[in-house]
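The values are calculated or read from the model by the stated rules, or taken from the named source; none is laboratory data. Remember, it's a predicted structure, so these values are computed and weren't measured experimentally. All Cβ positions, glycine included, derive from the backbone under ideal geometry; neighbour counts span all protein chains shown. The protein model used for the area step is the full one, side chains on, heavy atoms only, and it has no ligands, DNA or RNA in it. Shrake-Rupley method; radii C 1.70, N 1.55, O 1.52, S 1.80 Å.
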Amino acid sequence: MKNAQFNVRDVKKVGEKKLHIEFKSGKEFNGWFKLNGVKAKRITVPKGRKSIPRKTYASMARQLGLSVSDFDQLLECPLTKAKYEKIISK
Amino acid sequence: MTGTATNSATDITSLSDWKYKHNESDTTSTPVIAEEGVATSIELEKVIPHIATYIEQKKYAESKKNEAIIIKLNMLETKRLQSPLDVIIEKDSEGFIARAVDFSLFGCGDDRIEAIDALKFEIESLYFDLIEDDNFTEEWLSIKNFLKELIIDS
């Protein structure tokens, strides 16, 4: 788990750039990932927290339908949008 | 030799006498007189097991503080629920995380109450997202139906 390497801004940025998630700003940031135009996954990115606690990190991974190590890879870059779509389509 | 021995036996009959004569206080035989407000060793011996139990209980309470607990949520921020929703609350680093058992939604906070409040807000926020349209996967459509039945729209 590489939660210590990333902060909430990194998660939001990767969500926006890589997965084309549009975040809505409420108490937290929420956004939908669309698979073939259909809303498939919804992620919550907490506001005002620089570092991400372990369970929050794992919960965000779960929301995206990823294992923690796949989520690490998504944030680190090796996991592309195409690969992500393949994982959640299984 | 015998006379000397007898004399010394008469003069100093015990170690306490010897100490007395040499101006040494005898701590072995002097009774302990408890000062007011100061416990004697006997009293302390009686109290020690209670202190140990108290420390154990305190340690147990501390460990329980960080344990995951499940609560039933009956209300959201502005809406009421038809039936209670199970929520797990756990320590997460410095703060707390509250997670819904039935779907992957969470709320964070510095304490348990804050985490629950954040989750309540998240559930409502998800509900409002879901009632916008029907462009969702089957999984989300079933969560939508579940929430529509659960949340009392007033």
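Grab the beta carbon distance between B:VAL47 and B:GLU77, set R0 = 45 Å, and tell me the FRET efficiency rounded to 0.05. Numbers along the way, then the final one.
Working: r = 50 Å, r/R0 = 1.11.
Efficiency, rounded to the nearest 0.05: 0.35.
Output the pairs from A:LYS12/A:LYS34; A:LYS47/A:LYS86; A:LYS24/A:LYS47; A:LYS24/A:LYS83; A:LYS41/A:LYS83; B:LYS120/B:LYS148 with a Cα-Cα distance over 18 Å in this structure; if there are none, say none. Could you put the intermediate results ahead of the total?
Working: A:LYS12/A:LYS34 16 Å; A:LYS47/A:LYS86 29 Å; A:LYS24/A:LYS47 12 Å; A:LYS24/A:LYS83 25 Å; A:LYS41/A:LYS83 15 Å; B:LYS120/B:LYS148 15 Å.
Those over the limit are A:LYS47/A:LYS86; A:LYS24/A:LYS83.
Please work out whether chain A counts as rounded, prolate or oblate from its C-alpha gyration tensor, where a ≥ b ≥ c are the square roots of the eigenvalues and a/c under 1.5 means rounded, while otherwise a/b larger than b/c means prolate and anything else oblate?
On the way: a/c = 1.73, a/b = 1.19, b/c = 1.45.
Because a/c hits 1.5 or more and a/b fails to exceed b/c, chain A counts as oblate.
For region B:42-140, with only Lys/Arg (+1) and Asp/Glu (-1) charged at the beta-carbon, what is the dipole magnitude about the Cα centre, in debye rounded to 20?
On the way: 12 positive and 23 negative charges, 158 e Å.
Approximately 760 debye in magnitude.
At a Förster radius of 35 Å, what calculated FRET efficiency corresponds to the Cβ-Cβ distance of A:ASN36 and A:ASN7, to the nearest 0.05? It would help to have the intermediate numbers written out before the result.
Numbers: r = 31 Å, r/R0 = 0.88.
That gives a FRET efficiency of 0.70.
Can you give the FRET efficiency for B:THR137 and B:ALA61, using 1/(1 + (r/R0)^6), R0 = 25 Å, r = Cβ-Cβ distance, to the nearest 0.05?
On the way: r = 44 Å, r/R0 = 1.77.
After rounding, the FRET efficiency stands at 0.05.
Could you name the aspartates and glutamates in cross-link range of A:LYS81, using Cα to Cα under 17 Å and dropping any fewer than eight places away on the same chain?
A:ASP10, A:GLU16, A:GLU22, A:ASP70, A:ASP72
Can you compute the charge dipole magnitude of region B:102-154 about its Cα centre, using +1 on each Lys and Arg Cβ and -1 on each Asp and Glu Cβ, nothing else charged? Give it in debye, rounded to the nearest 20. Could the numbers behind the result be given before it?
Values: 4 positive and 15 negative charges, 29 e Å.
That gives region B:102-154 a dipole magnitude of about 140 debye.
Roughly what would the spin-label model give for A:SER51 and B:ILE152, points 7 Å off Cα along C-beta, in nm?
Output for this residue pair reads 4.4 nm.
Rounded to the nearest 100 Å², what is the buried accessible area between B and A, both sides summed, probe 1.4 Å?
So the buried area, both faces added, is about 2200 Å².
Using θ = phi - 60° and the Karplus relation 6.51 cos²θ - 1.76 cosθ + 1.60, list the HN-Hα couplings for region A:61-76 in order, rounded to whole Hz, with x at every Gly or Pro.
With coefficients 6.51, -1.76 and 1.60, one gets 4, 4, 4, 7, x, 10, 6, 4, 5, 5, 5, 4, 5, 4, 6, 7 Hz.
Might you tell me the accessible area per residue for chain A, computed with a 1.4 Å probe and given in Å²?
Working: 4730 Å² over 90 residues.
Value returned for chain A: 53 Å² of accessible area per residue.
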